[in-house]
Amino acid sequence: MDLNLMDILVLVLERIDSPVSLVHAASTCKRWHAMIADAGFLRRFRAVHASSLVAGDYFNDRKLFGSIMKRGRGLTDRPSFAPTAASSTPTIDARHFSLDFLSAADGGDCGGGSPIWAILDSRGSLLLLYRISKERSYNGEFADIAVCEPATRRYKRIPPPPNYFNSHYREYKGSYLMDGDVDADDVASGHISMSNFKVLYMFEHTATTLTGHCTGAATFTACGSAGSPPSWGNWTARIAVASPDGGVIADQDLWGLHNMGRAGGCQYFYAEGRDLVVLDVSTGEFSYSVFSPNWTDDFDVYRWMKSKLCAADGSDGKARIFTVFDGTMRVYAKPDGGGEWTLEKSLSVPEVARDVLPGYKDEAFEYVVIDTKGPGYVILSLKTALDKWLISVDPVTMEVALVAKDMGSPPVMYPCEIPWPPVLNNT
């Protein structure tokens, strides 16, 4: 295929290595500006340079959520931002990703009784935050949440759903950022921006005094595809969950869902009966996933224990489920062609502890639990009668390493991108 000079120029521009340099290139002349501002060009650039759009990661202080039930008592640390290696160049200033504009808008931090914000989720260039206040009660109230874009210092508070307070009992179960409505004119943006996003809000409640507990959900839409105003929609008192075969939609009284974490772009919950409820955070749809582990414990007694069961991505990007019982860590995965979760690997923690833990003795072993996890690693906490250690396990290779006590467990990271598409000044 013959290429003319314009085709070659487009190929060159698509290989610019950063969004900041792309903005500079668009300022060169009107012709370059028009080529770069084209929706097709921006869509291709985003696909090729997705990793370069990540400005860095936010993380909460690990004591932050432990202080929620204390209503913010003693909180002084705000979420922190760590630039990625690609964004630590002089062209991107990490100060542009400060969240100080949130505290200024609400009157300070928790030290004087004013609110502080903790990050719940991230998607694209947006963060979903939870407002923690010393004066708030967290039992039955609507969680005070907001969506913000740090790079542009904009944020939007999310009001309660109109039917939320009609329930007789309510308990907040989580909220998640989702893409906005798909718009043919907005394909270059990645379908999420401050004017085009959704928030799924989950809660446990009783619909009437005569019914049992169930899990409900509602979706807040920042702006509909037809330019409609922000509103709540898809209100359901009982979440609809698709069966594994994709045929039947089950409208059940699910409650006590244990949040296992995110893997493969989905949020996983454990339901009584050894079933997994899977939330696709890109669509907001729930489905069942068959999970039949070969443990001997009565696991339903422990379904609330995050230290026994979790989900995370492996270092190969594949979703996995981890369990820790009787001193054994087990790793489950799905076959590449799909199907049920199957046991992939297992690890006797006391056995490997003899090789990696100084002074470890089998007779002093008490228990091992999951401390935290992230893409490519699981941190286990091993307790003996004499000491306590943290060990890191790679779920793909099952390599084990001792975590230095002064380092502690790594926090959960929330990646944040540079706003896209970039603002191109007219030339």
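The values are calculated or read from the model by the stated rules, or taken from the named source; none is laboratory data. All values derive from a computational prediction rather than experimental measurement. When we count neighbours, we look across all protein chains shown, and the Cβ atoms used for this are built from the backbone with ideal geometry, even at glycine. What goes into the accessible areas is simple: the full protein's heavy atoms, side chains included, and nothing from ligands, DNA or RNA. Shrake-Rupley method; radii C 1.70, N 1.55, O 1.52, S 1.80 Å.
Going through (1) surrounded by fewer than 17 Cβ atoms within 10 Å (Cβ to Cβ); (2) modelled with pLDDT of 75 or more; (3) closer than 15 Å to Trp420 by Cα one by one, Pro83 falls short only on (3).
Pairs are defined by a Cβ separation below 6 Å, a sequence spacing of at least 6 or placement on different chains, a first member in the range 156-185 that is modelled with pLDDT under 75, and a second member that is open to solvent by 60 Å² or more (accessible area, probe 1.4 Å) and of a type outside the set (S, T, N, Q); the pairs so defined are Asn163/Trp235. Applying the set (1) of a type in the set (S, T, N, Q); (2) modelled with pLDDT under 85; (3) over 16 Å from Ser80 (Cα atoms) to Ser103 leaves exactly one unmet item: (3). Once the range 330-344 is narrowed to residues that are touching a Phe, Trp or Tyr at 6+ places or on another chain (Cβ under 9 Å) and of a type outside the set (A, V, I, L, M), the residue that is farthest from Met398 (Cα to Cα) is Glu340. Just a yes or no: is a residue in the range 33-42 closer than 26 Å to Pro150 by Cβ, modelled with pLDDT of 75 or more, part of a loop (DSSP other than H, G, I, E, B) and not basic (Lys, Arg)? Taking every residue of the range 33-42 in turn, none turns out to be closer than 26 Å to Pro150 by Cβ, modelled with pLDDT of 75 or more, part of a loop (DSSP other than H, G, I, E, B) and not basic (Lys, Arg).
Could you please let me know if Pro358 is part of a loop (DSSP other than H, G, I, E, B) and in contact with a strand residue (DSSP E or B) (Cβ under 9 Å, 6 or more places away or on another chain)? In short, yes.
Selection of the range 372-416 for residues being at pLDDT 90 or above, within 30 Å of Ala118 (Cα to Cα) and acidic (Asp, Glu) yields only Asp394. Restricting the first member to the range 328-344 and to residues that are assigned to a strand (DSSP E or B), and the second to residues that are open to solvent by 60 Å² or more (accessible area, probe 1.4 Å) and of a type in the set (Val, Ile, Thr), the beta-carbon pairs closer than 9 Å and six or more apart or on different chains are Tyr332/Thr342; Ala333/Thr342.
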